[in-house]
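*Asks:* There's a structure below that I have some questions on.
The values are calculated or read from the model by the stated rules, or taken from the named source; none is laboratory data. The structure presented is a predicted model; accordingly, all values stated were derived computationally and were not measured. So basically every Cβ, Gly included, is an ideal-geometry build from the backbone, and we count neighbours across all protein chains shown. Ligands, DNA and RNA are stripped out before the accessible areas are found, and what is left, the full protein with its side chains, is counted by its heavy atoms. Shrake-Rupley method; radii C 1.70, N 1.55, O 1.52, S 1.80 Å.
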Amino acid sequence: WYQRRVRGRRSAECELCPVGTFDDDGQGSVDCKACSPGRYQDEQGQSECKMCSPGSYSSNLASTHCDLCPKGSATDKQAQTSCRKCSPGSFAGKEGSIDCDQCNPGTFSADSGAAVCDDCAPGTFTPDSGQKSCSDCKAGTFANLSGQRKCEECLEGFFSADGAAECTGCPAGTYTNVMGRADCDNCPRDSYNEKTGQSVCVECPDNLQTKDDGAASKDLCTYQFCVPGWAGSEWNCKQCKPGTFSNKGNSTECTDCGFGKFTGDSASTDCDSCPSSLVRCRSVSSTSSCSTSSSSSFQ
């Protein structure tokens, strides 16, 4: 209670202290005292103020109520004049929070005072709670959706760099036959790959070879492996002519049959000996046939 002054004089009657104030001396004061910040009074004629409960605050004198802590802030104590902002990695999603919650795995908050946590963007992840940032997926892995706790390995035939939202197919001429690769390997020499995203390369047909590795087209299989019976240089293999032979692969030239031997076929791998009743028609080493000693061509 207090005595109100009227024209400088005390009123004959006492009045109740209004809301937002109190009188604690019990003797009938001239004036009521204002509730201090952090406290309030919503009733008349009170001898003390009430404390703001956890999750609320008052920042002004003579408050008649406390305000709830706004989203992104909290307080777990009574009689507070303000609420503390949630630290990075945490959030408060409703008004009147007593404490902030940690961001879930796959989410983060970079700044203080967050009301919600943000999802990790595609290509990033976080496996732990309470994070203020997300990590890039390492090379060879990817995350194609937001809010991921982990990254997945690229499949065979695919690769990725750091922070990938998706894996890329190995270009033509390359391959990979293992998962989680950061790059692809060139197709080995004598093979090719015309498609992307492949885990194997195709061997060149018909004993053909490529000049280099990493062939991206079957058309690059132009160098022929000189099989026995053939000879030549790179990109130019030819059959051995009758009277000559080659018995090894990748021979650079064909060998003459020699005296007393012959072959009448192309691409021979060996020569036959002339029968004892026949002799060579000429004294040359490359002989395709044998003839009798009475032959007019004999010398």
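*Asks:* If we keep just the residues of the range 19-59 that are touching an Asp or Glu at 6+ places or on another chain (Cβ under 7 Å), of a type in the set (D, E, K, R) and in a loop (DSSP other than H, G, I, E, B), which is modelled with the highest pLDDT?
*Replies:* E48
*Asks:* Let me ask something additional. Quick one: is D183 in contact with a Cys (Cβ under 8 Å, 6 or more places away or on another chain) and of a type outside the set (F, W, Y)?
*Replies:* Answer is no for this residue.
*Asks:* Additional query: Within the range 232-272, which residues are within 54 Å of the chain's Cα centre (by Cα) and on the phi > 0 side of the Ramachandran plot?
*Replies:* G232, W235, N250, listed by residue number.
*Asks:* Can you tell me which of S129, S133, S160, S146 is open to solvent by less than 70 Å² (accessible area, probe 1.4 Å), among the polar types (S, T, N, Q) and either within 11 Å of the chain's Cα centre (by Cα) or under 30 Å from V202 (Cβ atoms) (or both)?
*Replies:* S160
*Asks:* Restricting attention to the range 71-95, and to residues there that are assigned to a loop (DSSP other than H, G, I, E, B) and crowded, with 19+ Cβ neighbours inside 10 Å, which single residue is farthest from the chain's Cα centre (by Cα)?
*Replies:* Among those that are assigned to a loop (DSSP other than H, G, I, E, B) and crowded, with 19+ Cβ neighbours inside 10 Å, it is A79.
*Asks:* Turning to a different aspect of this structure: Take the range 163-206 and flag every residue that is open to solvent by 40 Å² or more (accessible area, probe 1.4 Å), assigned to a loop (DSSP other than H, G, I, E, B) and of a type in the set (S, T, N, Q).
*Replies:* N177, T196, Q198
*Asks:* I'm told K211 meets every condition in (1) assigned to a loop (DSSP other than H, G, I, E, B); (2) open to solvent by 70 Å² or more (accessible area, probe 1.4 Å); (3) out of contact with any Asp or Glu (no Cβ under 8 Å at 6 or more places or on another chain) except one. Can you identify the failing condition by its number?
*Replies:* So K211 meets the others, but not (3).
*Asks:* A further question on this structure: If you go through the range 208-227 one residue at a time, do you hit one that is more than 30 Å from E156 (Cα to Cα) and over 43 Å from the mean Cα position of the chain (by Cα)?
*Replies:* yes
*Asks:* Can I ask one more? I'd like the residue in the range 262-287 that is at pLDDT 90 or above and of a type in the set (D, E, K, R) and, out of all such residues, is farthest from Y223 (Cα to Cα).
*Replies:* Looking at residues that are at pLDDT 90 or above and of a type in the set (D, E, K, R), I get D272.
*Asks:* Now for a different question. Condition first: within 13 Å of the chain's Cα centre (by Cα) and on the phi > 0 side of the Ramachandran plot. Now tell me which residues in the range 163-187 satisfy that.
*Replies:* G163, G180
*Asks:* What pairs can you find where one residue is in the range 212-231 and on the phi < 0 side of the Ramachandran plot and touching a residue at least 12 places away in the same chain (Cβ under 8 Å), the other is open to solvent by less than 30 Å² (accessible area, probe 1.4 Å) and among the aromatic types (F, W, Y), and their Cβ atoms are less than 9 Å apart, with a gap of 6+ or different chains?
*Replies:* Once the first residue is on the phi < 0 side of the Ramachandran plot and touching a residue at least 12 places away in the same chain (Cβ under 8 Å) and sits in the range 212-231, its partners that are open to solvent by less than 30 Å² (accessible area, probe 1.4 Å) and among the aromatic types (F, W, Y) give A215/Y192; A216/Y192; S217/Y192; K218/Y192; L220/Y192; C221/Y192.
*Asks:* Another question about this same structure. For the range 232-251, which residues satisfy the criterion of being out of contact with any Pro (no Cβ under 8 Å at 6 or more places or on another chain) and free of Cβ contacts under 8 Å to residues at least 24 places away in the same chain?
*Replies:* G232, S233, E234, N236, C237, K238
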